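The values are calculated or read from the model by the stated rules, or taken from the named source; none is laboratory data. Quick caveat, the model's predicted, so the values are computed rather than measured. All Cβ positions, even for glycine, are placed from backbone atoms using ideal geometry, and neighbour counts span all protein chains on display.
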Amino acid sequence: MIEITLRAMRFHGLVGILPHERTNPQPIEIDLRVRVADGDGVVDYRELQAIAAAVMNGGHIDFLEEIGKQVVEGAFAHSTRIRSARAAVRKPHVALGGPLDYVEVVVERSADE
């Protein structure tokens with residue numbers, strides 16, 4: 001098994017359910033890890049980055065969970081060699097009334113699911 005990780009891909013996007021989050025882009029970080037079975041062909045990490053970028057550039061998204069889900073689904077669509085995919089989506093600028101580095105949502109799926 002081969003593991004490919006893209007860590008801390010950075011984007012600006014319209015993410016959230018509050019009125020200002022629908023009009024003001026904010027920073028979002030995404031980690032994507034895929035486990036790849038042996039076989040023919042290449043799982044191109046440039047394409048994996050492009051999948052995440054397409055999700056972030058596709059317009060407003062209400063929830064971090066939806067970003068993670070779309071990135072994971074896109075990874076599986078990229079190659080049948082991918083056996084599992086994990087996307088961690090972070091939003092660093094969240095006002096929760098106290099110190100906070102970021103909020104993170106993780107979506108993980110295996111090919112068997």
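Scanning the range 65-113 for residues that are more than 21 Å from Gly41 (Cβ to Cβ), out of contact with any Lys or Arg (no Cβ under 8 Å at 6 or more places or on another chain), loosely packed, with under 14 Cβ neighbours inside 10 Å and aliphatic (A, V, I, L, M) yields Val94, Ala95, Leu96, Leu100.
The single condition among (1) out of contact with any helix residue (DSSP H, G or I) (no Cβ under 6 Å at 6 or more places or on another chain); (2) surrounded by fewer than 18 Cβ atoms within 10 Å (Cβ to Cβ); (3) not in a loop (DSSP other than H, G, I, E, B) that Glu47 does not meet is (1).
Evaluated against (1) acidic (Asp, Glu); (2) outside any strand (DSSP E or B); (3) modelled with pLDDT of 95 or more; (4) buried (at least 17 other Cβ atoms within 10 Å of the Cβ), Asp31 falls short on exactly one condition, (2).
Among the residues of this structure, Arg10 does not count as one that is basic (Lys, Arg) and either in contact (Cβ under 8 Å) with a residue 60 or more places away in the chain or crowded, with 19+ Cβ neighbours inside 10 Å (or both).
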